[in-house]
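So the structure is just underneath, and the comments pick up after that.
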Amino acid sequence: MQLLDDDGTAGFLGYIVAIGFGLVFFLSAMTFGSTIAQSVVEEKQTRVVEILLATIPTRVLLAGKILGTTILALGQVALLLAIAIVALSVTGQSTLLLGLGMPFIWFAVFFVFGFILLAALFAATGAMVSRQEDIGSTTTPVTMLVMIPYFVTVFLNDNPVVVTVMSYVPFSAPIGMPLRLFLGDAQWWEPLLSLAILLATCVGVIALGARIYENSLLRLGQRVKLGEALKG
């Protein structure tokens, strides 16, 4: 069912919802993703990682980092969604709240796997350097994967073709699909298909990230080149 009519108010409301989803995902991914990369480099600098790897496998260490940070990030998102629900309830926006119910749920689901995808990349690229000041040289491509969907949301959220494409691209699906559900543009099966694509991408990226992480973690000194990290 189409929730919004094609008038100025509806367009503005859709814009606000798009910015809301985009901003929450952008800030959470950047904040906690950077935290993962910095913690990996810090462990390399202090040689703590050598002690850790003497007791647990490399991939278990990576999984623990991703899982722990994902829980923290999801907790922040859940808090923000709860605040939004309370605010809408208090202000009597029951219709809007009803329309946001399912998009909120799907946003939380997509956020978890979208964040795991990015967290694996942040950890892998962080492991490629040994100094905090060098983090940007390897994590910039991952940062762009976070920033581009946000800016596309800001400037092109009223373009149905762009939003549809966003809803199927793994790095932007956590923003695009909940937005389409709110606008009433998505069929019932589309979130399931988009989630399946995201899950398949997660599996591949985690495997790739784990290989880079495992092959780079104990290599100190100069930045590890991507080709070397992939070869082992």
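Values for this structure:
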item: Residue in the stretch 137-157 that is under 23 Å from Ile66 (Cα atoms) and modelled with pLDDT under 90 present; result: yes
item: Those residues of the stretch 130-139 which are touching a residue at least 12 places away in the same chain (Cβ under 8 Å) and surrounded by fewer than 16 Cβ atoms within 10 Å (Cβ to Cβ), in sequence order; result: Arg131, Gln132, Asp134, Ser137
item: Enumeration of residues in the stretch 105-129 that are surrounded by fewer than 20 Cβ atoms within 10 Å (Cβ to Cβ) and not aliphatic (A, V, I, L, M); result: Phe113
item: Residue selected from the stretch 177-218 under the condition in contact (Cβ under 8 Å) with a residue 24 or more places away in the chain and touching an Asp or Glu at 6+ places or on another chain (Cβ under 9 Å), by the criterion farthest from Val152 (Cα to Cα); result: Leu218
item: Subset of the stretch 31-49 [under 18 Å from Ala210 (Cα atoms) and among the hydroxyl-bearing types (Ser, Thr, Tyr)]; result: Ser34, Thr35, Ser39
item: Qualifying positions in the stretch 140-182 - buried (at least 24 other Cβ atoms within 10 Å of the Cβ) and among the hydroxyl-bearing types (Ser, Thr, Tyr); result: Thr153, Ser167, Ser172
item: Restricting the stretch 49-60 to residues that are outside any helix (DSSP H, G or I) and β-branched (Val, Ile, Thr), the residue that is surrounded by the most Cβ atoms within 10 Å (Cβ to Cβ); result: Ile56
item: Subset of the stretch 140-153 (residues that are without any contact (Cβ under 8 Å) to a residue 60 or more places away in the chain and either under 17 Å from Val24 (Cβ atoms) or of a type in the set (Gly, Ala, Ser) (or both)); result: Leu145, Ile148, Phe151, Val152
item: Filter result (of a type outside the set (Val, Ile, Thr) and buried (at least 16 other Cβ atoms within 10 Å of the Cβ)) within the stretch 203-222; result: Gly209, Ala210, Arg211, Tyr213, Glu214, Asn215, Ser216, Leu217, Arg219
item: The listed residue being farther than 30 Å from Phe182 by Cβ and free of Cβ contacts under 8 Å to residues at least 60 places away in the same chain, out of Ala127, Ala63, Ala82; result: Ala63
item: Of all residues in the stretch 99-136 being in a helix (DSSP H, G or I) and among the polar types (S, T, N, Q), the one that is modelled with the highest pLDDT; result: Thr125
item: Residue within the stretch 183-202 that is among the polar types (S, T, N, Q) and surrounded by fewer than 23 Cβ atoms within 10 Å (Cβ to Cβ) present; result: yes
item: The listed residue being under 16 Å from Leu23 (Cβ atoms), free of Cβ contacts under 8 Å to residues at least 12 places away in the same chain and touching a helix residue (DSSP H, G or I) at 6+ places or on another chain (Cβ under 8 Å), out of Leu156, Leu100; result: Leu156
item: Hits in the stretch 11-48 (condition: buried (at least 20 other Cβ atoms within 10 Å of the Cβ), under 19 Å from Met128 (Cα atoms) and in contact (Cβ under 8 Å) with a residue 60 or more places away in the chain); result: Phe32, Gly33, Ile36, Ala37, Val40, Val41, Lys44
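The values are calculated or read from the model by the stated rules, or taken from the named source; none is laboratory data. Since this is a predicted model, take the numbers as computed values, not measurements. With ideal geometry, Cβ positions are generated from the backbone for all residues, glycine too; neighbour counts draw on all protein chains shown.
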